[in-house]
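The values are calculated or read from the model by the stated rules, or taken from the named source; none is laboratory data. Every value quoted in this text rests on a predicted model; they were computed, and no experiment measured them. Neighbour counts are summed over all protein chains in view; Cβ atoms, including those assigned to glycine, are modelled from backbone coordinates with ideal geometry. Accessible surface areas use protein heavy atoms only, side chains included; no ligands, DNA or RNA. Shrake-Rupley method; radii C 1.70, N 1.55, O 1.52, S 1.80 Å.
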Amino acid sequence: MHIHMQWRMFIVLGLFMLGSNSAAQSFNFTSVDVPCSNCPGGIARRTAIGGINPGGEIVGVYTDAVGKSNGFLLSGGQFTTIDVPGSLVGSTGTLPTVARGISPAGEIVGQFTAPVNSSAPVDSPAYCPAAGSTACIKGFLYSRGKFSTVLFPGHPGAIPGRITPDGSMYGCLHDFDVMASMFSAAWTRFGDTSLTAGGGALADPGKSFPNSMHGGATPDGNTMVGFYVDMMRSHQHGYILENGVVQTYDVPGSIQTVIWDINPGLEMVGTYKDSAGKQHGFLQLPDGSAPITFDVPSTSPFNAVSTTAMGINPGGAVVGQYSDSSGHTHGFLAVPAGQ
């Protein structure tokens, strides 16, 4: 069952300038918290935004009073809970859900956790060998009021994180961990591909990129972005994939870089950790200039201490999450000034 609820949005606003040596932009920041009547302060214990479409509709996840993860849609100032029904895997109730991406038409993708069912076929949506197993994390598509599962042939788990206008999905496949068995995956009208050896995405079919995930793609699918881990050095890098070739992307001076999205104008957003281990968001413009650190302000009323930029739409609006000095996680929307 699709649970539908409408709430008032809790927001605080601020206008701030982000810049670098080569570029500067002003953004209006909005802090977003899902209301929760049984939670302290009347807001969800945790709110995080994963994606935004051209119309400004937002999807993400919140943690309720009992600690359950619930997906949500924010559209027209109203929140709707998006929880995968247990009936999708032969169970009851609703399942822990994370909404990650939304298409221009309002189709939503993300992940859910299946209940324990070790007797189901290994590559089926219902298979879950034990509580806490990564194999229990499955992908979903919510389209036209109906849920369906998203898996990759031969693998028990998947996470689609982005969906483009033609319905193509980008994310990852995995087996029983999110290290050596996790590979970037794409489900497109031209067929399913992955960054496994022989997975069809790489010009050199013998190469592979384990512990990787597509963060997003341009509408034509010609440019894909994401991250992978150098297993020898345990260093996380962003990447840009074009014509079957992976180009590593790192924010200068970072010890970790992840690209989470790209818009049609080739603007990219993601997160990085500096040499002190602090987490920042970043915005990379297509002109090749230095990336712009994209942090939610550390001043009141935000009091942010870390930022993750997760999504960007064609208009340049950026969404993600931040943690404040009290340890609470909030979603954020940053809209270019003048829009």
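Overview of results
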read-out	value
2 or more residues small (Gly, Ala, Ser), within 23 Å of residue 210 (Cβ to Cβ) and open to solvent by 10 Å² or more (accessible area, probe 1.4 Å): qualifying strands (runs of 3 or more DSSP E) within region 236-339	none
Number of positions in region 291-318 that are of a type outside the set (Gly, Ala, Ser) and either without any contact (Cβ under 8 Å) to a residue 40 or more places away in the chain or within 17 Å of residue 26 (Cβ to Cβ) (or both)	13
Residues of region 206-235 that turn out to be at pLDDT below 95 and part of a loop (DSSP other than H, G, I, E, B), as a count	4
Test: residue in region 300-307 that is under 14 Å from residue 238 (Cα atoms) and of a type outside the set (A, V, I, L, M)	no
Selected residue [assigned to a loop (DSSP other than H, G, I, E, B), more than 29 Å from residue 237 (Cβ to Cβ) and not hydroxyl-bearing (Ser, Thr, Tyr)] from 203, 197, 105	105
Residue list for region 131-141, restricted to those being closer than 19 Å to residue 82 by Cα and open to solvent by 30 Å² or more (accessible area, probe 1.4 Å)	137, 141
Close pairs from region 120-139: first farther than 12 Å from residue 154 by Cα and part of a loop (DSSP other than H, G, I, E, B), partner of a type outside the set (A, V, I, L, M) and open to solvent by less than 20 Å² (accessible area, probe 1.4 Å), Cβ under 6 Å, at least 6 apart	127/156
